[in-house]
1. Looking at B:A113, is it surrounded by fewer than 15 Cβ atoms within 10 Å (Cβ to Cβ), under 28 Å from A:R52 (Cα atoms) and within 7 Å of chain A (Cβ to nearest Cβ)?
2. Quick check on the range A:76-87. Is at least one of its residues facing chain B (nearest Cβ under 7 Å) and not in a helix (DSSP H, G or I)?
3. When you go through A:L81, A:L9, A:L5, A:L33 one by one, which is the residue that is within 13 Å of the chain's Cα centre (by Cα) and touching a residue at least 12 places away in the same chain (Cβ under 8 Å)?
4. Within the group B:A34, B:A103, B:A42, which residue is at pLDDT 90 or above and not assigned by TED's automatic domain parsing to the domain that holds B:A5?
5. Residue pairs, Cβ under 6 Å, 6 or more apart or interchain, first in the range B:56-76 and more than 10 Å from chain A (Cβ to nearest Cβ), second surrounded by fewer than 13 Cβ atoms within 10 Å (Cβ to Cβ) and hydroxyl-bearing (S, T, Y). List them.
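The values are calculated or read from the model by the stated rules, or taken from the named source; none is laboratory data. Bear in mind that the values here come from a model prediction, so they are computed numbers and not experimental data. Cβ coordinates were reconstructed from backbone atoms using ideal geometry, including for glycine residues, and neighbour counts include every protein chain displayed.
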Amino acid sequence: MTPTLQLFLVISATLFCIGLLAVLSRRHAIFILIGIELMLAAANLNFIAFWRFGPQPQPPTGVMIAIFSIAIAAAEAVVGLAMVIAVYRHYRTTNVDQFDQLKG
Amino acid sequence: MNSAAFVVIAILTLAAAFASATLQKLMHAALMFALTFVGIAAFFFLLGAEFVGLVQVFVYVGAVAVLIVFTILLTRRDVQDTGKPNWGGAIIAIAVFGGLLWAILKTPALFIAAPQIEALTVKRIGGVLMTDYVWPLQCVGLLLTAALIGALILVMEDRDEG
């Protein structure tokens, strides 16, 4: 038995929900960024799986979208971590519950 | 496609991802994060997208994981997540997982095996990147430059107060 498309989608959905769990339940800013990266990786896995299981021959669109998505995720991680450092300098904490200066 | 390899990679990836989302010590979570991305790159190799797998290893394990470790070291004051976890978020995540799983298992069109494909060479990827995807490529280059400058501006210290 070889793995079907369904199994890859289940793996990717699990990965996405683990990322969602990290984003929604953790208080530490770096954990939230780790969760976002996991969710983006799950989306990439879906793109590659649909490309591999789609009708052949076809242009490598899924692979291209995954490559661009990796580049954009890297840019997002750089800016996100720079923001964590900038906010840490100001508040001396990385707990997102204490970033409440704009709270009404 | 080898099913034994699939099971091993799936267990490794999901266990590492769960550990990186739930561990208390940040440094352990960052190392588990790197391991998760090694697992995802292995999935890409299994699916026949070797180039994307290599890019994944270079970018995530080589760059983003190191960046996360640097950020943890620069924000040394709280290397442990001391805040209480938000259980409402966990319930939402489980509900979303249930919904996704239901949608995937209810779709009979997904019960397909992989067709035979000719290997996707780096030459072909390079050709497509330079013809059909040349505008997205330029935009990504611009975006990466902007991200570099933006990150530098964000972490630059204000010198004029002293």
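1. Yes: the conditions hold for B:A113.
2. no
3. Working: A:L81 fails: within 13 Å of the chain's Cα centre (by Cα); A:L9 fails: within 13 Å of the chain's Cα centre (by Cα); A:L5 fails: within 13 Å of the chain's Cα centre (by Cα).
Answer to the check: A:L33.
4. Testing whether each residue is at pLDDT 90 or above and not assigned by TED's automatic domain parsing to the domain that holds B:A5 leaves just B:A103.
5. As it stands, the answer is none, since no pair meets every condition given.
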